[in-house]
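Notes for the one structure printed next.
The values are calculated or read from the model by the stated rules, or taken from the named source; none is laboratory data. Just so you know, these numbers come straight off a predicted model, no measurement behind them. Don't worry about glycine lacking a Cβ; one is built from the backbone with ideal geometry, like all the others, and counts go over all protein chains shown. Heads up: the accessible areas ignore ligands, DNA and RNA and are worked out on the full protein's heavy atoms, side chains in. Shrake-Rupley method; radii C 1.70, N 1.55, O 1.52, S 1.80 Å.
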Amino acid sequence: MSFNNVTIAIAKGRILEGAQNLWRKSGLPWPVDNDSRQLWFAPQKERPGMLIARARDIPTLVGMGIADLGIVGLDILEEYPNTHVLQVADLSFAHCRVVLAGQKNQWPEGPTRIATKYQRIAQTYFSVHRHPVEMVPLSGSLELAPVIGLAPYIVDIVDTGNTLRQHHLTEIATILESSARLIANASHWRTKPELAQVRQVLQSE
Ligand code: PRP
């Protein structure tokens, strides 16, 4: 099997850490040096090319066919959907939840503000519940919002729950259970049989 013709885009952060484990278990060489800033690794016979990018950019890179495959959380796929992308496997790592959290374990009464980097997921959730909300878009450090009076509620990722606890916040509802997904460019998936071979290798451990 040769991987010369395959490129995979991997999200920075927790997904990249989990992917390193997966590569090790699958017997694929891992080219990324954690101390280096290198973001692109050309394909070789024994492993696909690798492109390391911001999580929210992975659906775009795969959708445009810059990468054939991608590894990214379901949270990102729900927030940044791309019609040219297929989800081809649940890789069962980087498990986390998108939750509604606040200072008390109590659903908002009446219209409220929600600080979040998941505006689409949060808006859909509150629309389904027919609850009026105003989104406060933030790109990180969301737990600050209730503490500084910016918004009483947040919609954010929870993994261990440590960050919520440290800010005296409580989970009120789980909106989405997420894990790392293998995605593929839809037309490349049909025309490049090597992509299914990569899936098989990554699922073989
Ligand atoms: C996420 C999230 C929380 C934290 C939750 O941020 O926004 O801050 O992780 O994890 P915990 O439940 O284990 O404490 P992340 O570290 O992914 O960084 P980001 O804010 O840059 O996305």
**Neighbour-limited loop hits for chymotrypsin sites (Phe, Trp or Tyr not before Pro), segment 62-143 (at most 16 other Cβ within 10 Å; DSSP other than H, G, I, E, B)** = Phe93
**Message:** Step by step: find N for the chain, compute 2.2 N^0.38 Å, then divide the Cα radius of gyration by it. What's the final number?
**Reply:** 1.13
**Request:** Calculate, for the chain, the solvent-accessible area per residue in square angstrom, rolling a 1.4 angstrom probe over the heavy atoms of the protein chains.
**Result:** 52
**Request:** Would you mind checking which residues have amide H under 5 Å from Val88's amide H? H placed 1.01 Å from N; only 5 or more apart, or other chain.
**Result:** Leu182, Ile183, Ala184
**Fill in**
The answer for Val136, listing residues at least 5 apart or on another chain whose modeled amide H is closer than 5 Å to its amide H, is Ile114, Ala115, Thr116
**Prompt:** D for segment 96-177, whole µm²/s, Stokes-Einstein with Kirkwood Rh over alpha-carbon pairs at 37 °C and 0.692 mPa s: what number?
**Reply:** 266
**Request:** Please report, as a whole percent, how much of the solvent-accessible surface of the chain comes from carbon and sulfur atoms (probe radius 1.4 Å).
**Result:** 47
**Message:** Can you sort His131, His95 by solvent-accessible area, 1.4 Å probe, largest first?
**Reply:** His95, His131
**Dipole moment magnitude, nearest 20 debye, segment 96-177 about Cα centre, only Lys, Arg, Asp, Glu C-beta charged** = 100
**Request:** Residues in segment 1-33, backbone N under 20 Å from the label point at Met64 (7 Å along the Cα-to-beta-carbon vector): list them, ranges by number please.
**Result:** 6-12
**Request:** Give the accessible area for Glu134 in Å² (nearest 10); use a 1.4 Å probe, count only protein heavy atoms, and leave out ligands, DNA and RNA.
**Result:** 100
**Request:** In debye, nearest 20, what is the charge dipole magnitude of the chain about its Cα centre with +1 on Lys and Arg Cβ and -1 on Asp and Glu Cβ, if you could check?
**Result:** 240
